[in-house]
Amino acid sequence: MEIVSKLLIPSLISILVGYLIGSLSFSIILTRIISRQDIRTQGSGNAGATNVLRSVGLHAAVITFVLDFLKCVLAIAIGYQIFKYTCNQAGISLIWVQIGKYAAGVGCMLGHIKPLYFHFKGGKGVTTAAALVLLLDWRVFIPAVLTFIIVFALKKIVSLASVLGMGLYPVYTFLIMFLFDYKNSPLHFGREFSMLYILCITLASFIIGGIILFTHIPNIKRLRNGEEKQISFKK
């Protein structure tokens with residue numbers, strides 16, 4: 001518990017920094033530049049790459065996706081540096097710097113969803129979540145993104161693919177870390193983490209997945225009623 005208390009303030013700082021960076025909603029910024037309109041008044045009203053694709057076009061959607069991805073990269077890099085400094089100063093093992101990445105990443109997601117600079121009305125955080133999962137552990141990203149790709153290829157519904165991919169994300173996180181990183185696992189490679197550490201990471205991944213599921217509650221309701229629209233690339 002001493003480690004937790006020492007990392008509490010750095011966690012809050014990382015979340016705040018991530019939130020401020022995440023509040024840069026590039027879907028809103030780009031559509032105002034390109035079409036002189038607010039993306040939140042078009043299509044689904046969501047300030048995200050999917051709605052930009054539907055309402056503005058493929059090129060704008062790609063640029064939006066890339067910039068939203070990069071802002072998560074920046075937030076995570078800062079969170080990492082905050083925790084690296086803290087761990088060095090407090091004599092804490094550097095394995096805990098990963099928590100700084102999660103904290104900043106979660107803050108970035110929250111900023112994307114409720115942007116400070118745009119009246120707290122933003123996107124659903126899927127792009128920033130994808131960036132976060134990839135940057136935190138590529139091993140977990142692979143099954144999560146494969147779930148998304150397979151479901152989307154079959155159904156052509158982004159929300160369904162996002163919900164299933166992120167819903168299974170905590171499960172993939174625990175299984176991969178338990179099998180390959182747990183110090184008592186016969187399959188571990190190099191890294192030998194304690195169960196406390198693995199549970200903390202799993203909890204963080206559960207929070208990330210839970211945020212995505214929460215933002216998709218209206219989509220889940222439409223999916224249950226068979227009303228969710230398929231995506232089209234014709235624009």
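Derivation of every value follows stated rules applied to the coordinates shown; laboratory data play no part. Everything numeric in this text was worked out from a predicted model, so none of it was measured. Note: ideal-geometry Cβ built from the backbone for every residue, glycine included; neighbour counts use all protein chains shown.
Numbers for the structure displayed
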quantity	calculated
In the stretch 53-153, the chymotrypsin sites (Phe, Trp or Tyr not before Pro) that fall in loop regions by DSSP, at most 11 other Cβ within 10 Å	Phe120
Restricting the stretch 133-235 to GluC sites (Glu not before Pro) in coil, as DSSP defines it, with at most 16 other Cβ within 10 Å	Glu192, Glu227
Per principal axis, descending, Cα span of the chain in whole Å	53, 36, 27
Neighbourhood net charge (10 Å Cβ-Cβ; Lys/Arg +1, Asp/Glu -1) for Lys229	+1
About the Cα centre, charge dipole magnitude for the chain (Lys/Arg +1, Asp/Glu -1 at Cβ), debye	820 debye
Nearest 10 degrees, 0 to 90: helix 158-167 Cα axis against the chain principal axis	10 degrees
Stretchable slack from Glu192 to Arg224, in nm (0.36 nm times residue separation minus alpha-carbon distance)	7.3 nm
Mean Cβ neighbour count within 10 Å, used as a protection proxy, ranking 21-30, 162-171, 105-114, 176-185 highest first	105-114, 21-30, 162-171, 176-185
Rg/Rg_globular for the stretch 1-82, with Rg_globular taken as 2.2 N^0.38 Å and Rg from C-alpha atoms	1.39
Sparse-neighbour loop sites [trypsin sites (Lys or Arg not before Pro); the stretch 31-138; at most 13 other C-beta within 10 Å; DSSP]	Arg36
Cα→Cβ-extended label distance, 7 Å offset, between Ser5 and His119, nm	4.5 nm
Whole-number percent relative contact order across the stretch 69-194, with pairs defined as alpha carbons under 8 Å at least 6 apart	16 percent
Test item: Cα-centred dipole of the stretch 83-219, Lys/Arg +1 and Asp/Glu -1 on Cβ, debye	340 debye
Hull volume in cubic angstrom per residue (convex hull over the Cα atoms of the stretch 161-235)	126 Å³
Relative contact order [Cα under 8 Å, 6+ residues apart], the chain, whole percent	20 percent
Helix-derived mean residue ellipticity, 222 nm - over the chain, DSSP H n ≥ 4, -39500 (n - 2.57), to 500	-23500 deg cm²/dmol
